[in-house]
Amino acid sequence: MSRKVLISGAGIAGLTAGLWLKRQGFEPVIVEQASAPLKGGFLVSLSDKAYQYAGELGVLSAMQERNMGITSSSYHNKNETTLLALDYQKLFENVDVLQIMRDDVVDVLYQTARDKMEIRFNDSIEIISNQTGAVEVGFTSGLQEKYDLAVIAEGPNSSTRPLLFPDSVTIDYLDLYCAAFRLPNVLNLENKFETHMQKGRYMAIFNTLEGDLGSVFIWSSDARKMPPKDEQTQTLLAGFDNAGTVIGRVLEHCPDQPHYMDILKQVKAEDWVVGRTVILGDAAHCMTLFSGRGAGAAITGASRLAESLKLQRDIPKALLSYEAANRPIIDPIQRQTRKAVRWYAPQNNLDWLLRDNAMRFLPNWLFQQYFNRKYSNV
Ligand SMILES: Cc1cc2nc3c(=O)[nH]c(=O)nc-3n(C[C@H](O)[C@H](O)[C@H](O)COP(=O)(O)OP(=O)(O)OC[C@H]3O[C@@H](n4cnc5c(N)ncnc54)[C@H](O)[C@@H]3O)c2cc1C
């Protein structure tokens, strides 16, 4: 009899886990609290192991069709002086990498998974308990079910995680907001990624395959609670007052609510496993977009979890061996990313000056080398 697995969250980690586990003979049920796969993200990179696993899972060619084809990237200060220009061909020399909209990754995975397993929208876990030989779950819909295994892939703001690990998860706030939205190509960009950097805030922008622009904004804030939906645009505009012509032109096209907005935070969990339950992807180890590897880590994590369950039939043991194998890869990236925040969003004048001058005067090959290494180990 096939073993039943509950996956909570139809994001990149949850859908990837569903596809692998279905292939291995499990019977997955995915439960997603939203009414459809969540949309609204920016650009993500899939490289190295994530790229290989996508190939093994049979989803790589569909993702390659949606590769953004960006050829260059440049960084500018408030006066529009170019601090640094990078050639993507050199940047990713000898690295397998896809630059793709988060929405497209989710869409490819969802289209591949939807006929293979039950995906239940508008539902979420209310009660969960590990019993001998099963996980018992009560849902907000009123359903009560038993599973052999539960995978919690609910992203950084997971509501099931505190039910499982009430005391052993720390949220490290980066004191930054992040918002993203799409707009017409008012900057006439062509295969180009631009970053406009100012003290304590920046905007990154690029043209998409659909011919519009994808934009993301990062700015300082000590908020610990998200503003209500109808105040998010106002919060974004307030964070970028007097930001100059280019950012100003983009913000003129901000919709009533940004397509995505969150408070940036790293999730540090002492344990990923309890009994027959495991937290996966950003729910376990959100690194933030500064890592450039959140989506990749979601794919590799889900793939490694499936590998452990293939090698070890005993579910609690398999989950622990997954954690033992994946943690040494993830923890250092999370630490490096935390340090890199100072570089991406300097909070004081000295850091800001150092960063801008480093970008302006350090030799280009140093940056090529940095990015090349960055995308070579997830
Ligand atoms: C809308 C959106 C936009 C994003 N945009 C970017 C981006 O532009 N750049 C970037 O680098 N990263 C972005 N991310 C984060 C990036 O997708 C993740 O770092 C990475 O893909 C890890 O994926 P994940 O599946 O672990 O988590 P997520 O992608 O966060 O997916 C979690 C899923 O679980 C669902 N969920 C949450 N709580 C529950 C619950 N209680 N019950 C059931 N379902 C639940 C969510 O609705 C979501 O579908 C975005 C995430 C989201 C949700």
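The values are calculated or read from the model by the stated rules, or taken from the named source; none is laboratory data. Everything quoted here is computed from the prediction, not taken from an experiment. With ideal geometry, Cβ positions are generated from the backbone for all residues, glycine too; neighbour counts draw on all protein chains shown.
If the condition is being in contact with a helix residue (DSSP H, G or I) (Cβ under 9 Å, 6 or more places away or on another chain) and not charged (D, E, K, R), then the range 234-258 contributes 236, 237, 240, 242, 243, 251, 254, 255, 257, 258. Considering the conditions (1) in contact with a strand residue (DSSP E or B) (Cβ under 7 Å, 6 or more places away or on another chain); (2) crowded, with 20+ Cβ neighbours inside 10 Å; (3) assigned to a helix (DSSP H, G or I), residue 246 is excluded by exactly one of them, (2). Of the residues making up the range 143-179, those that are more than 11 Å from the ligand (Cβ to nearest atom), surrounded by fewer than 24 Cβ atoms within 10 Å (Cβ to Cβ), within 24 Å of residue 17 (Cα to Cα) and not hydroxyl-bearing (Ser, Thr, Tyr) number 7.
Beta carbons closer than 9 Å, at least 6 apart along the sequence or on distinct chains, pair a first residue in the range 102-129 that is in contact (Cβ under 8 Å) with a residue 60 or more places away in the chain and within 10 Å of residue 30 (Cβ to Cβ) with a second that is more than 11 Å from the ligand (Cβ to nearest atom) and among the acidic types (Asp, Glu) for 117/27; 118/27. Cβ separations smaller than 7 Å between residues 6+ apart or across chains give the following pairs from the range 21-45 residues that are touching a residue at least 40 places away in the same chain (Cβ under 8 Å) to residues that are polar (S, T, N, Q) and within 6 Å of the ligand (Cβ to nearest atom): 31/8; 31/124; 33/124.
For residue 191, the criteria (1) within 13 Å of the ligand (Cβ to nearest atom); (2) modelled with pLDDT under 95 hold in every case but one, which is (1). Listed by first and then second residue, the pairs linking a residue in the range 1-20 that is free of Cβ contacts under 8 Å to residues at least 40 places away in the same chain to a residue that is of a type outside the set (Val, Ile, Thr), with Cβ atoms under 8 Å apart and 6 or more places separating them unless they lie on different chains, are 2/25; 2/26; 2/27.
Against the condition of a type in the set (Phe, Trp, Tyr), over 22 Å from the mean Cα position of the chain (by Cα) and at pLDDT 95 or above, how does residue 147 come out, does it pass? Yes, satisfied. For the range 69-100: of the residues being of a type in the set (Val, Ile, Thr) and touching a strand residue (DSSP E or B) at 6+ places or on another chain (Cβ under 9 Å), which is modelled with the lowest pLDDT? So, considering only residues that are of a type in the set (Val, Ile, Thr) and touching a strand residue (DSSP E or B) at 6+ places or on another chain (Cβ under 9 Å), the one modelled with the lowest pLDDT is 95.
Among the numbered conditions (1) more than 13 Å from the ligand (Cβ to nearest atom); (2) touching a residue at least 24 places away in the same chain (Cβ under 8 Å); (3) small (Gly, Ala, Ser), the only one that residue 61 does not meet is (2).
Restricting the range 1-18 to residues that are more than 8 Å from the ligand (Cβ to nearest atom) and outside any helix (DSSP H, G or I) leaves a set whose member that is surrounded by the most Cβ atoms within 10 Å (Cβ to Cβ) is 7. Here residue 47 fits the description: more than 16 Å from residue 11 (Cβ to Cβ), buried (at least 21 other Cβ atoms within 10 Å of the Cβ) and either within 15 Å of the ligand (Cβ to nearest atom) or of a type in the set (S, T, N, Q) (or both). Of the residues screened, residue 230 is not one that is more than 21 Å from the chain's Cα centre (by Cα) and either surrounded by 14 or more Cβ atoms within 10 Å (Cβ to Cβ) or assigned to a loop (DSSP other than H, G, I, E, B) (or both).
Report whether or not residue 96 is over 22 Å from the mean Cα position of the chain (by Cα) and on the phi < 0 side of the Ramachandran plot. So residue 96 fails the test. For residue 139, the conditions (1) buried (at least 21 other Cβ atoms within 10 Å of the Cβ); (2) out of contact with any Ser or Thr (no Cβ under 6 Å at 6 or more places or on another chain); (3) of a type in the set (Phe, Trp, Tyr) all hold with the exception of (1). In the range 324-345, of all residues being of a type in the set (Lys, Arg) and within 16 Å of residue 269 (Cα to Cα), the one that is surrounded by the most Cβ atoms within 10 Å (Cβ to Cβ) corresponds to 338. When residue 134 is tested against the conditions (1) more than 10 Å from the ligand (Cβ to nearest atom); (2) within 17 Å of residue 226 (Cβ to Cβ); (3) in contact with a Lys or Arg (Cβ under 7 Å, 6 or more places away or on another chain); (4) of a type outside the set (Phe, Trp, Tyr), the lone failure is (2). Can residue 127 be described as modelled with pLDDT of 95 or more, within 16 Å of the ligand (Cβ to nearest atom), surrounded by 13 or more Cβ atoms within 10 Å (Cβ to Cβ) and assigned to a strand (DSSP E or B)? Here the answer is no, as residue 127 does not meet what is asked.
For the range 51-68, the set of residues classified as at pLDDT 95 or above and hydrophobic (A, V, I, L, M, F, W, C) consists of 54, 57, 59, 60, 62, 63, listed by residue number.
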